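Engineer: Below you will find the structure I want to go over with you.
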Amino acid sequence: MIFPMKRLVVNADDFGADGGRNRGIAAAVAAGAVTAVSVLVNGPAFVEGLPCLHDWQRRGISVGLHLNLSEGWPVTQDLRILAGADGAFPGKAATQALLMQRGNQELEQEIARETEAQINVLR
């Protein structure tokens, strides 16, 4: 059975990662090629991209969070497990190993705090 496609969603990922990526995503949105954008709120170019995000939401572009627990700097302060000694996330491989742990309530609490903080920044 063939189901008719009602809507195609084309998502541009990592808005906020850097200025070049922001400009490329903005060009794709302006061209009508992108219908959704996922945002790294802890990315170095997040703040410079805020005017675009507000405009896109008014125009019906879906804006969502790209939850980042592995690279760059967390939004939350004082993460003992999820962040390294320098306060930054430890990278993809180390974070994957952390996330495979089961039953570590302190880790789960840190993940919940950082997730909530990133959602709040995007709001």
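The values are calculated or read from the model by the stated rules, or taken from the named source; none is laboratory data. Quantities reported herein were computed from a predicted structural model and do not represent experimental measurements. Using ideal geometry, Cβ is built from the backbone for each residue, glycine included, and neighbour counts are taken over all protein chains shown. Quick note on the areas: whole protein, heavy atoms, side chains included, nothing else; ligands and nucleic acids left out. Shrake-Rupley method; radii C 1.70, N 1.55, O 1.52, S 1.80 Å.
Engineer: Please state which of the following conditions Q101 fails to meet, knowing it meets all the rest: (1) part of a loop (DSSP other than H, G, I, E, B); (2) modelled with pLDDT of 95 or more; (3) open to solvent by 50 Å² or more (accessible area, probe 1.4 Å); (4) more than 30 Å from R7 (Cβ to Cβ).
Structural biologist: That leaves (2) as the condition not met.
Engineer: So, in the range 84-95, how many residues would count as being surrounded by 12 or more Cβ atoms within 10 Å (Cβ to Cβ) and either part of a helix (DSSP H, G or I) or touching a residue at least 60 places away in the same chain (Cβ under 8 Å) (or both)?
Structural biologist: Here the count works out to 2.
Engineer: Something else about it: Suppose the filter is open to solvent by 80 Å² or more (accessible area, probe 1.4 Å) and in contact with a helix residue (DSSP H, G or I) (Cβ under 8 Å, 6 or more places away or on another chain); does E48 pass it?
Structural biologist: yes
Engineer: Output the residue which, of all residues in the range 1-26 that are aliphatic (A, V, I, L, M) and closer than 18 Å to G64 by Cα, is most open to solvent (accessible area, probe 1.4 Å).
Structural biologist: For the range 1-26, the residue satisfying everything is L8.
Engineer: So which of I81, I119 is out of contact with any helix residue (DSSP H, G or I) (no Cβ under 6 Å at 6 or more places or on another chain) and either open to solvent by 20 Å² or more (accessible area, probe 1.4 Å) or not in a loop (DSSP other than H, G, I, E, B) (or both)?
Structural biologist: Numbers: I81 fails: out of contact with any helix residue (DSSP H, G or I) (no Cβ under 6 Å at 6 or more places or on another chain).
Result of the check over I81, I119: I119.
Engineer: How do the strands (runs of 3 or more DSSP E) wholly within the range 1-68 filter down when requiring 1 or more residues that are more than 25 Å from I111 (Cα to Cα) and modelled with pLDDT under 95: which remain?
Structural biologist: none
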